[in-house]
Structure formats: structure tokens, C-alpha cells
Amino acid sequence: MTRIIGLAGWSGAGKTTLMVRLLPALIGQGLAVSTLKHAHHRFDVDVPGKDSYEHRRAGAAQVMVASGARWALMTELRTAREPTLAELVARMDPVDLIIVEGFKRDAHPKIEVHRAANGKPWMRPEMPGIVAVASDVPPPYDLPCAALDDVAAVAALVLAHAAPVAEIDWGVRQEA
């Protein structure tokens, strides 16, 4: 059964750094882990001039690139709406754990990543689903907390608070 948890925090809080440190710790415990990252800006995983880029530029709705080492499927939304987190998760292969970076307003459980030097406010209670905190300072509310640089303790929070994907009420979302 695939479980899900998010890392939520303002830009500059250290979500990606924490993710890159968490993955080996969790995988080292024998877990199959996938990640899902939201980008707030246009991004491209393709390279201009490559065949796959040219296929997309010519109008293909989807382009799959495959080799003996990996495969990637790129879908052009064009005028379609951005898929929801639930729709994206449904497209992922089954694993033990999916860690989401971003999608902070969605209903899945989240660990708030907070760095005092960032100068940003705490996210809770305004953001739904925050169940624990990883921070370099104590949070102003009573939730399980781990030091931001204590990867083993944050991994324990991840495992304790990740929820089965099938149990998430995806209809709960706080608008910006």
C-alpha cells in the first residue's frame, strides 16, 4: 500500500536539501520511494534540438523517450488545466512511499520545513494537513518536531505520519 507525505515550506526553507538527504536514509531502510515536485514556473526536462523536443514542438500531445536506463513521458497541457495532485499521484507506479515537495495547500499530511533565517512565517494553522515540523527553532505550536539537520529524526517523522494514498480526502484543498 503506497503511503504519502509532503514537505511543505516557503521558498528557501530547505525542502529540497532535506529531500535529497532523506531519500538515502529511507531507501536504506528498504523502502521504495518516489518523489513528486511541484514547479511554480514553466520548466522543461527536454533539450532544444533533440528529437523528443522537436516532436513536442511539432505538436505531439505526448512524447515518450526510452532507453535501457530510463524512460520519460512528457505530456503537453497546451490549453488543458494543470492536473491535481490526486491525478498525478494516480499516474505514479506503486511504491512504499511518495514524498511530495510543494502542493502545500492540498490535503495530504505534511511536515512543515521551517528555517528561522528565512524570515518567513510559520505555515500552520493556515495550511491544511501539517502533522509535524522539521525546523532549526522550536515551533510555536505543539506538534511532533525534529531538528532540520537530524535526518534520522525527520525520517522517523515521515514514517510515523505518512498516510495511505487511498485514505486521503483529495477534495480538501485550501485556496491561495
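The values are calculated or read from the model by the stated rules, or taken from the named source; none is laboratory data. Just so you know, these numbers come straight off a predicted model, no measurement behind them. Positions of Cβ are backbone-derived with ideal geometry, glycine not excepted, and every protein chain shown enters the neighbour counts.
Annotations
- Flag if D142 is assigned to a loop (DSSP other than H, G, I, E, B), over 21 Å from L26 (Cα atoms) and touching a residue at least 60 places away in the same chain (Cβ under 8 Å): no
- Matching entry among L73, L85 (being surrounded by 15 or more Cβ atoms within 10 Å (Cβ to Cβ) and modelled with pLDDT of 85 or more): L85
- Test result for L26, touching a strand residue (DSSP E or B) at 6+ places or on another chain (Cβ under 6 Å), of a type outside the set (G, A, S), in a helix (DSSP H, G or I) and within 17 Å of V154 (Cβ to Cβ): yes
- Single residue of the range 90-118 satisfying the filter (among the hydrophobic types (A, V, I, L, M, F, W, C) and under 19 Å from H40 (Cβ atoms)) that is farthest from the chain's Cα centre (by Cα): V113
- Of all residues in the range 111-131 being in a strand (DSSP E or B) and in contact with a Lys or Arg (Cβ under 7 Å, 6 or more places away or on another chain), the one that is nearest to L22 (Cα to Cα): V113
- Test for A13: is it surrounded by 17 or more Cβ atoms within 10 Å (Cβ to Cβ), within 17 Å of the chain's Cα centre (by Cα) and either aliphatic (A, V, I, L, M) or modelled with pLDDT under 95 (or both): yes
- Residue in the range 119-132 that is closer than 16 Å to G9 by Cβ, modelled with pLDDT under 95, charged (D, E, K, R) and under 15 Å from the mean Cα position of the chain (by Cα) present: no
- For L36, the stated conditions do not hold, so it cannot be described as surrounded by fewer than 11 Cβ atoms within 10 Å (Cβ to Cβ), in a strand (DSSP E or B) and out of contact with any Pro (no Cβ under 7 Å at 6 or more places or on another chain).
- Test: residue in the range 45-57 that is in contact (Cβ under 8 Å) with a residue 40 or more places away in the chain, loosely packed, with under 13 Cβ neighbours inside 10 Å, of a type in the set (A, V, I, L, M) and not in a helix (DSSP H, G or I): no
- Scanning the range 146-174 for residues that are farther than 30 Å from E87 by Cα and part of a strand (DSSP E or B) yields A146, A147.
- Residue in the range 64-89 that is farthest from P138 (Cα to Cα), counting only those that are over 18 Å from the mean Cα position of the chain (by Cα) and of a type in the set (V, I, T): V65
- Among residues that are part of a strand (DSSP E or B) and of a type outside the set (A, V, I, L, M), E87 is not included.
Let's see how each residue does on (1) surrounded by 13 or more Cβ atoms within 10 Å (Cβ to Cβ); (2) touching a strand residue (DSSP E or B) at 6+ places or on another chain (Cβ under 6 Å); (3) polar (S, T, N, Q):
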residue	(1), (2), (3)
A80	no, no, no
V89	yes, no, no
I130	yes, yes, no
P138	no, no, no
D142	no, no, no
A155	yes, no, no
H161	yes, yes, no
